[in-house]
Amino acid sequence: MRLPPRPDHRDVVRPRTTPEAIHRLINRLTPRDLRIMRLVHRHRVLTTDQIARLEFASYSSAKTRLLTLYRLRALERFRPWTPVGSAPWHYLLDAPGAEILAAEHGTTTREWGYRRDRVLAVAYRSSLDHTIGTNDFFIDLTGRARVRRARLAWRTARECEQQFGDVVRPDAAGHWSEGEHTTLFFLEYDRGTEPLRRLAAKLDAYHELSRLTGHQGTVLFWLPSAKRAENLHRYVGDPPVPAATGVHGAHPADRVWTPFGQTWQRTLAELGAPVPHQLFLPGWDEAGEEPDG
């Protein structure tokens, strides 16, 4: 069970959610600040390091600006308890920030679906590390897209649930193009907590999705160890849909993916599945903008 976030008794006293506080926040926000708020809301929770890699040229400048956004109540933050050392700050969208983003959509926070208590509940969930790990996969690919001739389109778990939830619930889905290669994929981020039979059963669900809708991508199992990958290959044998395994700690765009039934590894781009681009791309946000200084 995850313990509650550690309180910081030296923390600043922040303003209440009032019209004056929201107007003050609006006057202080930059375009990058708004991007950060949207990213944090879309991905549920991001750490200082993750936001720095996405939007800043240095960790120091990220830390300084995020503290300002926290004090202005654009963002909320917490630091999970750890038995040794200190965990990084984890950022969530705060209520005044949600008011501004909801207004962009011409609606209220209630109509937009924001509830502060539900957002804060992320801090107490046992799935927090899983969410952070999945987001790291996205951030790694986003960074690679900036330095190579590559493109990434991404859908979060929440967005996948809205589209595919009756059949499958991937941790994310993506479209990765590099050079002349393109791969559409579903991500299954694994921390070694599920039995192999449950992972294998997910492949049958993806086969059903393909049969019902025509959506077929490569199922990527991102696993905590090479031994677990070896055991999953042995358990599954010949999968009903294209699938491959990779191991935490490597870069997901590199030659680290082992397709089922094969022994040689491929890059993410080389895993390309025969799926028309238009099945996935409409409405997807594309990553890869350069971070600001």
Next item on the list: Could you tell me whether Glu104 is surrounded by fewer than 13 Cβ atoms within 10 Å (Cβ to Cβ), of a type outside the set (Ser, Thr, Tyr) and within 23 Å of Leu29 (Cα to Cα)?
Entry: yes
Check: For region 205-227, how many residues meet the condition of being more than 13 Å from Leu184 (Cα to Cα), in contact with a helix residue (DSSP H, G or I) (Cβ under 8 Å, 6 or more places away or on another chain) and modelled with pLDDT of 95 or more?
Finding: 3
Margin query: What pairs come out if I take residues in region 235-253 that are acidic (Asp, Glu) and pair them with residues that are open to solvent by 30 Å² or more (accessible area, probe 1.4 Å) whose C-beta lies under 8 Å away, six or more apart or interchain?
Written below: Asp238/Gly261
Next item on the list: Answer yes or no as to whether Leu3 is of a type outside the set (Lys, Arg) and either at pLDDT 95 or above or surrounded by 14 or more Cβ atoms within 10 Å (Cβ to Cβ) (or both).
Entry: no
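Does at least one position in region 155-162 carry a residue that is β-branched (Val, Ile, Thr) and under 20 Å from Tyr91 (Cα atoms)?
yes
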Note to self: Within region 246-293, take every residue that is assigned to a loop (DSSP other than H, G, I, E, B), polar (S, T, N, Q) and open to solvent by 50 Å² or more (accessible area, probe 1.4 Å) and give me the one that is modelled with the lowest pLDDT.
What the structure shows: Thr263
Note to self: Based on this model, can you work out whether Ala103 counts as over 28 Å from Ser127 (Cα atoms) and at pLDDT below 95?
What the structure shows: yes
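Matching residues to (1) open to solvent by less than 70 Å² (accessible area, probe 1.4 Å); (2) outside any helix (DSSP H, G or I); (3) in contact with a helix residue (DSSP H, G or I) (Cβ under 8 Å, 6 or more places away or on another chain):
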position	(1), (2), (3)
Ser60	no, no, no
Lys63	no, no, yes
Glu99	no, no, yes
Asp117	no, no, no
Val122	yes, no, yes
Item checked: One residue from Arg65, Arg125, Arg79, Arg73 being touching a residue at least 24 places away in the same chain (Cβ under 8 Å) and either on the phi > 0 side of the Ramachandran plot or touching an Asp or Glu at 6+ places or on another chain (Cβ under 6 Å) (or both) -> Arg73
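The values are calculated or read from the model by the stated rules, or taken from the named source; none is laboratory data. Keep in mind it's a predicted model, so treat the numbers as computed, not measured. Cβ: placed from backbone, ideal geometry, glycine included. Neighbour counts: every protein chain shown. With ligands, DNA and RNA removed, areas are computed over all heavy atoms of the protein, side chains included. Shrake-Rupley method; radii C 1.70, N 1.55, O 1.52, S 1.80 Å.
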